[in-house]
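J.: Below: one structure in structure tokens.
The values are calculated or read from the model by the stated rules, or taken from the named source; none is laboratory data. None of the values given here were measured: they were computed from a predicted structure. Positions of Cβ are backbone-derived with ideal geometry, glycine not excepted, and every protein chain shown enters the neighbour counts. In case anyone asks, the SASA skips ligands and DNA or RNA and just uses the protein heavy atoms, side chains included. Shrake-Rupley method; radii C 1.70, N 1.55, O 1.52, S 1.80 Å.
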Amino acid sequence: MPVSETFRHSASAEGPNSEQLVFGGDYNPEQWPEETWHEDVRLMREAHVNRVTVGVFSWSSIEPREGEYRFGWLDRVMDLMAENGIGVVLATPTASPPPWFTLAHPEALPMTADGVRLVHGSRDTYNPAAPAYRAAARRVAAALAERYAFHPALRMWHLHNEYGTVSYGPETNTAFRGWLQEKYGSLQALNSTWNTAFWSQGYGEWEEIFAPQATQYLPNPSLLLDFKRFSADVLRDCLREQVDVVRAVRPDVPVTTNFMLPAWNHYDQWDMAAEIDEVSVDHYPDTPGIEGDVQVAFGSDLARSFNGGRPWVLMEQATTMVYDYAQGRILARDPGKLLFNTLQYLARGSTGSLFFQWRSPRAGAEFFHSPMVPHVGENSRTFREIVELGTTLSRLPELAQQPANGNRVNRNRVGIVWDASAWWSAETRALPSNDVAFLPAVKSVHRALWFLGINADFVQLDQDLSGYSLVLVPSKLAASDAEADNLRRFVADGGHTAVWYFSGSTDENLNVRLGGFTGAFADLLGIRVEEHFPQPAGDILKLSDGSTADGWAESVELHGAVSVADFTEFPLAGRPAVTRNEFGSGTAHYFATRFGEDSLKDHLERILDAAGISKDHPAAGRGVEAVRRYAGDRSYLFLLNHTGEAVDVDVRGQDLLTDTAVYGSTVLAAGAALIVREPHETP
Ligand code: GAL
């Protein structure tokens, strides 16, 4: 009898109100002898581990030959976890096809943009558009679902790992052509949208179209954008197929897939989130110190927003290390920082914390990546900090409750537009300046708000925006009429918005809107943008209100808006750089340049004041983080001091970390945190 039959009546999937915060990490027992598993369980219990992620890259251990499954080891691991009260997030291993797959299906291996066919030897070596890969992935997912869907240790399905492979080549070309036929219906429509008359690219047959591999010079930007959308849809379809497979066996086990944040843009996170029950993310700040802490807030706010404002799963973070990718070094996290950063994630809605990885491997790729149990063993700073963290989280079960009445876990009034198409369109290489980049623009706005002590969500421009008071649009080159209409309605109904330079200058297919740049938003903003003046690197622009800026300038005409600050230098002296337009019951602001750090904060503060937006606590800002998290019918004020000095905070309630009452002025030492259960029930 299969194990799934045995457990059919005893299994319990994770409900929406888990009783504890989750704590644990990626667990790879297949890399170790079974004696070590018992050692693992002893250490897990000591550290209050209640969740492990098993099977992420285990394909060759589960299916060593095509169609031949070996479940014995996994049965024993699942049973061991169940016996010890440790829930399993069971992964499908499809991010790492085994060596037999390479030989059996060479056509399903990925091809680079330069036409190089990759072979096995690392991970993610497959073409997601190749039918053979898709079939093999569905088969192994189904085999796991059949066997373990009713196992009592199972808490959640972890489908794949960090979808993100983009491939070119014959299989991709076939799939891309099919996608284009569905989108455009006719070659005439495609030729017109891509303006293929430019550089003699007119297509007479679908077979003439190729995925954008290496070309002689600039590729067609509209084709590139469609290819990025196609590639994202392929990954979404891979996910959807696996969701269908596991739900067909047992629909009430939640499914997730882990997003790599924030630098990956191979898919549209909003679309992927719509396929799964819970959003989970992997997050690795690449800088120590306060800038790393700002990244923690950024990643958390993205994760929570993708999950519709609900609590989200931190599937991976590093324990005591920071990956400094730029310098090629792994830096040590300061003592105590692991707990501090984890409280930040918690404040902004995480359900706890999982890590990559439980135990350091003896050998293999990533053998020096950060573990919960390091090579040196349990007698280590790392493991001691893990025990401290697990013990702390185990004392905070009340935070594991969902907010009452389906409310958002943080109730922010500022929305920042996050948009995959905007990011892709800013990457199409033929733009007037690199300073129209997406991620740096969005990050700089979120960072400025963080230092002002204002918490924000991320939003899409075509969603219902009525829960927000202020919507910020830092970089949104490609914008559809429907998105522009939605923003217009939001402002007409009393909302506030700020739009940054070059946004809305094209439609959703990178066709420039004629008659004035920023065309999608021009009437809302009450302006006409006539000409761009990208600035040489390093040149600083001074504005009439004392602000400084760089990178970009424009000649803006006022068509109903008023100027808030002008450029002061030739050839734009006296022309508006910052404008404000009353529109219906709301206000629309425009920035025709890129502010320096302080000026950005000043202008955001002006707009936040006008929109009546306040902080979660008056002490917030300049390195003191204050975030109110809702759980059950209570609110919890997290206060975290990122500065080097003690600060006084006025708080009332019960501090969960020390289990003491706090009333009135309280000293928050440098690097310290409070989680104050506030006295009143919340609606
Ligand atoms: C993640 C990945 C893990 C591991 C980790 C190392 O992106 O999911 O498998 O590679 O990074 O930092």
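J.: Rank by packing, highest mean first: peptides 541-549, 663-671, with packing defined as the count of other Cβ atoms within 10 Å averaged across residues.
T.: Descending packing order for the listed peptides: 541-549, 663-671.
J.: To continue, here is another question. Positive end of the dipole of the chain, charges at C-beta (+1 Lys, Arg; -1 Asp, Glu), about the Cα centre: which of Thr568, Thr593, Ala232 has its Cα farthest in that direction?
T.: Ranked along the dipole, the leading option is Ala232.
J.: Quick one: which residues, 5+ away or cross-chain, put their amide H under 5 Å from the amide H of Val373? H built at 1.01 Å from N.
T.: Amide H to amide H, under 5 Å and 5 or more residues apart or across chains, Val373 pairs with Arg359, Ser360.
J.: For the chain, build the charge dipole from Cβ charges (+1 Lys, Arg; -1 Asp, Glu) around the Cα centre, then report which of Phe451, Pro534, Ala610 sits farthest towards its positive end.
T.: Checking the options against the dipole of the chain, the answer is Phe451.
J.: I need the Kirkwood Rh of the chain: take the reciprocal of the average 1/r across all distinct C-alpha pairs and report it in angstrom. Walk me through the intermediate numbers first.
T.: Values: mean 1/r = 0.0374 Å⁻¹.
Computed over the chain, the radius equals 26.8 Å.
J.: Search the structure for amide H atoms under 5 Å from the amide H of Gly352, placed 1.01 Å from N in the peptide plane, and list their residues when 5 or more places away or on another chain.
T.: Distant-sequence amide H within range of Gly352: Val22, Leu314.
J.: Packing-wise, with mean Cβ within 10 Å as the measure, how do 595-607, 427-439 rank, highest first?
T.: Averaged packing, sorted descending, gives the order 595-607, 427-439.
J.: Per the 1.4 Å probe, what fraction of the accessible area of region 170-210, in percent, lies on carbon and sulfur atoms?
T.: Result for region 170-210: 52 percent of the exposed heavy-atom area is carbon or sulfur.
J.: Using a simple charge model, +1 on the beta-carbon of Lys and Arg, -1 on the beta-carbon of Asp and Glu, nothing else, what dipole does region 403-531 show about its Cα centre, in debye to the nearest 20?
T.: So the dipole magnitude of region 403-531 works out to roughly 520 debye.
J.: Two decimals is fine: what's Rg over Rh for region 170-210, C-alpha atoms, Kirkwood radius as Rh?
T.: 0.96
J.: Further question on the same structure: Pull out the extension gain between Gln181 and Phe367, defined as 0.36 nm times the separation in residues minus the alpha carbon to alpha carbon distance; nm, one decimal.
T.: The span from Gln181 to Phe367 would gain 62.4 nm if fully extended.
J.: Another question, if that's okay. Quick one: accessible area per residue over the chain, 1.4 Å probe, rounded to a whole number of Å²?
T.: For the chain, the solvent-accessible area averages 39 Å² per residue.
J.: Which value, in debye to the nearest 20, describes the size of the charge dipole of the chain about its Cα centre when Lys and Arg Cβ atoms bear +1, Asp and Glu Cβ atoms bear -1, and nothing else is charged?
T.: Using only the charged Cβ atoms, the result is roughly 640 debye.
J.: Would you mind pulling out the separation of the Cα centroids of region 592-608 and region 153-189, in Å?
T.: Here the two parts' Cα centres lie 40 Å apart.
J.: Order 488-494, 337-343, 462-468 from most to least packed using the mean count of other Cβ atoms within 10 Å.
T.: Ranked from most to least packed, the peptides come out as 337-343, 488-494, 462-468.
J.: Indicate the helices, whole DSSP H runs only, in the chain that combine a mean Kyte-Doolittle hydropathy of -0.5 or more with a Cα extent along their long axis of 18 angstrom or more.
T.: For the chain, where a helix must reach 18 Å along its axis and average at least -0.5, the hits are 131-148, 221-249, 289-306, 381-394, 439-452.
J.: Any idea how far the Cα center of region 358-381 sits from the one of region 413-476, in Å?
T.: The distance from the Cα centre of region 358-381 to that of region 413-476 comes to 38 Å.
J.: Mind jotting down the distance between the C-alpha centroids of region 47-89 and region 557-573, whole Å?
T.: For region 557-573 versus region 47-89, the Cα centre distance is 63 Å.
J.: Regarding region 624-677, what are the three Cα extents along the principal axes, ordered largest first, in Å?
T.: Here the spans come out as 34, 18, 16 Å, largest first.
J.: What is the percent carbon and sulfur in the accessible area of region 369-457, measuring with a 1.4 Å probe over the protein chains and ignoring ligands?
T.: 47
J.: For a test of the definition: using alpha carbon positions, the gyration tensor, and the 1.5 limit on a/c, classify region 15-145 as rounded, prolate or oblate.
T.: prolate
J.: What's the magnitude of the charge dipole for region 414-610 around its Cα centre, counting Lys and Arg as +1 and Asp and Glu as -1 at the beta-carbon? Answer in Debye, nearest 20.
T.: For region 414-610, the charge dipole is close to 160 debye.
J.: OK, next. Ignoring any ligand, DNA or RNA, what whole percent of the accessible area of region 624-677 comes from carbon and sulfur when the probe is 1.4 angstrom?
T.: Taking all protein chains in place, region 624-677 shows 45 percent carbon and sulfur surface.
J.: For the chain, calculate the relative contact order in percent as a whole number, restricting contacts to Cα pairs under 8 Å that are 6 or more residues apart.
T.: Relative contact order here is 11 percent.
J.: Same structure, new question: Near Lys183, which aspartates and glutamates are there with a Cα under 14 Å away, not counting those fewer than 8 places off in the same chain?
T.: Asp226, Asp233, Glu508
J.: Ordering Arg229, Arg594 by accessible area with a probe of 1.4 Å, largest first, what comes out?
T.: Accessible-area ranking of Arg229, Arg594, largest first: Arg594, Arg229.
J.: Tell me what the chain gives for mean residue ellipticity at 222 nm when only DSSP H runs of n ≥ 4 count, each as -39,500 (n - 2.57), the sum divided by the residue total, rounded to 500 deg cm²/dmol.
T.: Rounded to the nearest 500, the figure is -9000 deg cm²/dmol.
J.: Could you check what % of the DSSP bridge pairs in the chain are antiparallel, to the nearest 5?
T.: Working: 55 of 100 bridges.
Restricted to the chain, the bridges split so that about 55 percent are antiparallel.
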